[in-house]
């Protein structure tokens with residue numbers, strides 16, 4: 001079933017940042033080439049753009065410090081019973097990135113579903129009282145309401161900021177070095193992320209996988225970041 005969702009239109013005023021005419025891969029490539037030191041990439045959707053970059057500009061791989069990706073899961077999926085959406089959309093891209101040798105961290109549903117936007121969290125963020133918190137509260141109200149309508153969860157999980165927290169405040173998210181693969185050919189399991197936390201397959205670890213989160217510390221970081229913005 002296809003659903004059309006109308007996003008709210010908070011009065012945030014015109015953006016001070018002009019639109020960039022470059023495509024995502026070109027923008028990433030230019031950013032890497034211009035940087036004075038290797039750059040960390042946070043990918044918060046299907047990892048296609050990073051895979052295309054690796055294929056088309058292998059010369060820039062040394063300019064990538066690491067990749068942190070919001071996607072996958074050590075448990076169940078949300079696009080299928082087995083696969084999380086961002087992995088399911090382009091598993092071949094994920095496989096390519098995993099084979100690249102880059103430092104790679106997966107931040108999956110098993111952790112992001114603990115970062116719930118409860119009523120208390122919304123009250124806490126709204127109490128910051130600046131323009132950013134007011135804008136964010138309108139978006140979170142829509143997000144939680146829609147999450148309740150679609151998934152039956154009034155306290156929606158805030159996925160992408162958990163991936164940001166891995167770099168912004170590493171102590172807030174616990175990661176484990178392990179073997180990570182993605183299913184490419186299963187009749188029902190395409191896009192499923194295989195996380196061998198116990199080393200049962202005997203394969204060389206190739207990634208870091210988020211396995212825990214300090215929820216209070218995470219929300220304190222979000223609160224601090226929003227308070228710094230006008």
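Taken together, the values in this text are just the output of simple stated rules run on the coordinates, not laboratory data. Nothing here was measured: the structure is a model prediction, and the numbers come from that model. So basically every Cβ, Gly included, is an ideal-geometry build from the backbone, and we count neighbours across all protein chains shown.
Listed values, structure above:
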quantity: Helix axis angle, 24-34 relative to the chain longest principal axis, alpha carbon, degrees; calculated: 80
quantity: Region 77-204: translational diffusion in µm²/s, Stokes-Einstein, Kirkwood Rh over Cα pairs, 37 °C, 0.692 mPa s; calculated: 197
quantity: Percent of beta bridges antiparallel (DSSP, the chain, rounded to nearest 5); calculated: 50
quantity: Per residue convex hull volume, Cα atoms of the chain, in Å³; calculated: 154
quantity: Ascending count of other beta-carbon atoms within 10 Å, so fewest first, for 226, 200, 106, 70; calculated: 200, 226, 70, 106
quantity: Three-way shape call for region 130-193 based on the alpha-carbon gyration tensor, with the a/c threshold at 1.5; calculated: oblate
quantity: Using a Förster distance of 22 Å, the FRET efficiency for residue 114-residue 160 (Cβ separation, nearest 0.05); calculated: 0.95
quantity: The chain: calculated mean residue ellipticity at 222 nm from DSSP helix runs of at least 4, using -39500 (n - 2.57); calculated: -11500 deg cm²/dmol
quantity: Residue among 143, 104, 135 with the largest mean-square fluctuation in a Gaussian network model of the chain, springs linking Cα atoms under 10 Å; calculated: 135
